[in-house]
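**Q** Got a structure for you, written out below as structure tokens; questions coming shortly.
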Amino acid sequence: MTTPGKITDAEVVRAASRGNWGPLLQAGAEIHAYQPTAYHCKVMIVDQLMVSVGSTHFDNRFFRLNDEANQNGYDAAFAARQIGVFEQDLTRSRQGTLAQWEARPMKEKIMERMALLLQSQL
């Protein structure tokens with residue numbers, strides 16, 4: 001998974017997201033923070049075949065309240081091109097580890113806990 005790095009226009013959302021990284025990292029998920037610019041991609045690639053691209057945020061609030069749309073396609077060639085784009089983005093990203101997440105500064109932990117209180121509205 002690739003997420004926005006420090007360059008973002010939604011710091012509260014980023015903090016709430018980071019507050020949830022522990023269980024994901026413990027389960028073996030790879031989380032990468034994109035570095036050079038803001039990052040606002042909503043792309044999901046499944047089994048090197050299905051690609052979902054659109055405006056949908058993957059959270060309960062957006063599914064309940066907003067009219068969002070994604071285009072889903074089943075095409076191995078298109079999926080391969082999207083995987084290439086994703087892999088290029090990974091070269092500009094930093095992978096986070098569980099050890100880094102656990103050792104983050106107290107200030108970040110406090111910000112994350114405060115942001116998590118607003119999670120249902122973000």
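**Q** Tell me which residues, restricted to region 61-119, are in a loop (DSSP other than H, G, I, E, B), within 22 Å of Gln26 (Cα to Cα), over 17 Å from the mean Cα position of the chain (by Cα) and not basic (Lys, Arg).
**A** Those that are in a loop (DSSP other than H, G, I, E, B), within 22 Å of Gln26 (Cα to Cα), over 17 Å from the mean Cα position of the chain (by Cα) and not basic (Lys, Arg): Ala103, Pro105.
**Q** Now a separate question. Among the residues that make up region 10-31, is at least one of them among the β-branched types (Val, Ile, Thr) and over 16 Å from Glu112 (Cβ atoms)?
**A** The answer is no; no qualifying residue exists.
**Q** Within region 80-89, identify whether any single residue is surrounded by 11 or more Cβ atoms within 10 Å (Cβ to Cβ), farther than 21 Å from Pro4 by Cβ and small (Gly, Ala, Ser), and answer yes or no.
**A** Among the residues of region 80-89, at least one is surrounded by 11 or more Cβ atoms within 10 Å (Cβ to Cβ), farther than 21 Å from Pro4 by Cβ and small (Gly, Ala, Ser), which makes the answer yes.
**Q** Can you tell me which of (1) surrounded by 12 or more Cβ atoms within 10 Å (Cβ to Cβ); (2) over 16 Å from the mean Cα position of the chain (by Cα) is the one His57 doesn't meet?
**A** (2)
**Q** Taking region 90-122 as the search range and keeping residues that are of a type in the set (Gly, Ala, Ser) and exposed (fewer than 15 other Cβ atoms within 10 Å of the Cβ), which one is farthest from Glu11 (Cα to Cα)?
**A** Ala99
**Q** Also: Kindly indicate the residue of region 84-100 that is among the hydrophobic types (A, V, I, L, M, F, W, C) and at pLDDT 95 or above and also nearest to Ala16 (Cα to Cα) among those meeting that condition.
**A** Restricting to residues being among the hydrophobic types (A, V, I, L, M, F, W, C) and at pLDDT 95 or above, the top hit is Leu98.
**Q** In addition: Among the candidates Leu98, Leu90, which residue alone is touching a residue at least 40 places away in the same chain (Cβ under 8 Å) and farther than 23 Å from Cys41 by Cα? If you could, list the steps in order and put the result at the bottom.
**A** Values: Leu90 fails: farther than 23 Å from Cys41 by Cα.
Every option except Leu98 fails the conditions.
**Q** When you scan region 18-41, do you find a residue that is over 26 Å from Ser120 (Cβ atoms) and aliphatic (A, V, I, L, M), even just one?
**A** No, region 18-41 contains no residue that is over 26 Å from Ser120 (Cβ atoms) and aliphatic (A, V, I, L, M).
**Q** Taking the conditions exactly as written (within 13 Å of the chain's Cα centre (by Cα) and not aromatic (Phe, Trp, Tyr)), does Ala16 satisfy them or not?
**A** Details: within 13 Å of the chain's Cα centre (by Cα): yes; not aromatic (Phe, Trp, Tyr): yes.
The answer is yes for Ala16.
**Q** Considering only region 1-49, give the strands (runs of 3 or more DSSP E) lying wholly within it that have at least 1 residues that are surrounded by 13 or more Cβ atoms within 10 Å (Cβ to Cβ) and hydrophobic (A, V, I, L, M, F, W, C). Reasoning before the result, please.
**A** Details: elements: 2-4, 31-34, 43-46.
Fully inside region 1-49 and qualifying: 31-34, 43-46.
The values are calculated or read from the model by the stated rules, or taken from the named source; none is laboratory data. Owing to the predicted nature of the structure, the values given are computational and were not obtained by experimental measurement. When we count neighbours, we look across all protein chains shown, and the Cβ atoms used for this are built from the backbone with ideal geometry, even at glycine.
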